[in-house]
Amino acid sequence: MLDQITELQEAGLRAVAAATTTDALEELRVGLLGRKAELPNLLRGVRDLPPDQRGPAGKAANEARQAIQSAIDERVATVAAAELDVRLRAERVDVTLPGRPEPVGGLHLLTRVRRQIEDVFLGLGFDVVEGPETETVHHNFDALNHAPNHPARDPGDTFYLAPSTVLPPLPAAAGAPTTADGGPLTRLLRTHTSPMQVRIMEREDPPVAVIVPGRVYRPDSDATHTPQFHQVEGLWIDVDITLADLKGVLLSFARAIFGEEREIRLRPHFFPFTEPSVEIDVSCHLCGGTGHRTDVAGHPRCGLCKGTGWIEILGSGMVDPNVLTAVGRPAYDPERVQGFAFGMGIERIAMLRYGLDDLRPLYENDLRLLGQLA
Ligand code: DAH
């Protein structure tokens, strides 16, 4: 039996040394030391031997079992380490590769442009305030020096609200549009952010320097007009504000949004609530103000500024003394304070800045388009 044990031990140790995978070693463990294996069988047979042989045979079989067991343990440790090495190499992650994050969404183009505009004016010392989207005819038109028959008051150009059952009735200017049955039209969806000029002066003493971003409404609908759109109003009133301040502020704005190379020009215009009134043009950022695309073969006429080199971006002017008077507060005595106002369309700025020729897609919530503008 001793020979048999030695033979089993040697064969076992050879097999273990030759095994190259942990799976193979597990099979060997079962095959050599498991319940049905030969060596344990021999061990069980020891008790049937003559008493004088039991001791040495049992000892030898036990030692053989232990030798095989520790050979397997050792070999498993080596083989497992090698296997781990192979796996680590195969499943290696290059942590220096750029990530592929799930899209988490982004700000709408109009929100981003609004924030850019706000940042520019915050940097120039203006506050950002908001105002009501439903307005009184008084704030939207009368206090802004619109004559009672001004065309913008026409119900074809303004969304009037039905007389309120909750809010007190307001007086209407003589000669202003009325309801079909002759009733007063005294509330509306604001057609511009300019009424906030009056509201701010009603509640705050000069000096005031504010911008007012917000929604405005007009019954217009085509490629460049939607019935609801966005404006940013600006107002700066103090004892010594001049047209030169207006030009400096709006030049800074134009350069921040359209590029440091830009120039602006003031073109005479008319608005009821500013005197003098100007429209501000910025030199074209597509052709560098030349009117011609020097970056395109044949140097064709620039389509954005229509060959003029200039693009209209906003209306502005010195606040009309009649507006200051309409505020009805001594602090805004037109003999003592003066200032400028301006108003721009956020959609227009966005279209110019990002080369869009139709603004309706901005409101259609098609992520394939909005994602490109993010
Ligand atoms: N409210 C004008 C509009 O909607 C824009 C405007 C022009 C605002 C001149 C101003 C201004 O403050 O001074 O067309």
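The values are calculated or read from the model by the stated rules, or taken from the named source; none is laboratory data. The model shown is predicted, which means the values in this text are computed figures rather than measured ones. Cβ coordinates were reconstructed from backbone atoms using ideal geometry, including for glycine residues, and neighbour counts include every protein chain displayed. Each accessible area value is taken on the protein alone, full model and side chains, heavy atoms only, with ligands, DNA and RNA left out. Shrake-Rupley method; radii C 1.70, N 1.55, O 1.52, S 1.80 Å.
A few comments on the model shown:
- The modelled label-to-label distance for the pair residue 245/residue 54, using points 7 Å beyond Cα in the direction of Cβ, is 11.6 nm.
- Dimensions of the chain from C-alpha coordinates, computed as largest minus smallest value along each principal axis and given longest first, are 134, 63, 41 Å.
- Restricting the range 330-365 to GluC sites (Glu not before Pro) that sit in a DSSP loop and have at most 10 other Cβ atoms within 10 Å of their own Cβ leaves 335, 364.
- Against the chain, whose longest principal axis comes from its Cα atoms, helix 2-18 is set at around 30 degrees.
- What a 1.4 Å probe finds exposed on the chain is 53% carbon and sulfur by accessible area, rounded to a whole percent.
- Qualifying GluC sites (Glu not before Pro) in the range 226-325, DSSP loop, other Cβ atoms within 10 Å at most 16: 260, 261, 263
- Given the chain, longest segment not containing exposed loop trypsin sites (Lys or Arg not before Pro) (DSSP; at most 13 other Cβ within 10 Å): 93-305
- Placing +1 on the Cβ of every Lys and Arg and -1 on the Cβ of every Asp and Glu, with nothing else charged, gives the chain a dipole about its Cα centre of roughly 840 debye.
- Degrees, to the nearest 10: 22-33 long Cα axis against longest axis of the chain: 30
- The range 2-104: relative contact order as a whole-number percent, Cα under 8 Å and 6+ apart: 35
- Around the Cα centre of the range 117-215, unit charges on the Cβ atoms of Lys, Arg, Asp and Glu (plus for the first two, minus for the last two) sum to a dipole of about 280 debye.
- CD proxy at 222 nm, helix term only [per DSSP H run n ≥ 4: -39500 (n - 2.57); per residue of the chain; nearest 500]: -12000 deg cm²/dmol
- Shape category assigned to the range 2-104 from the gyration tensor of Cα positions, a/c cut at 1.5: prolate
- Those residues of the range 187-209 whose amide nitrogen sits under 20 Å from the label point placed on residue 170, 7 Å along Cα→Cβ: 187-204
- Solvent exposure of the range 2-104 as accessible area per residue, Å², 1.4 Å probe: 75
- Listed residue (189, 223, 172) projecting farthest to the positive dipole end of the range 139-223, Cβ model: 189
- Distance between the range 314-333 and the range 43-109 - C-alpha centres, whole angstrom: 88
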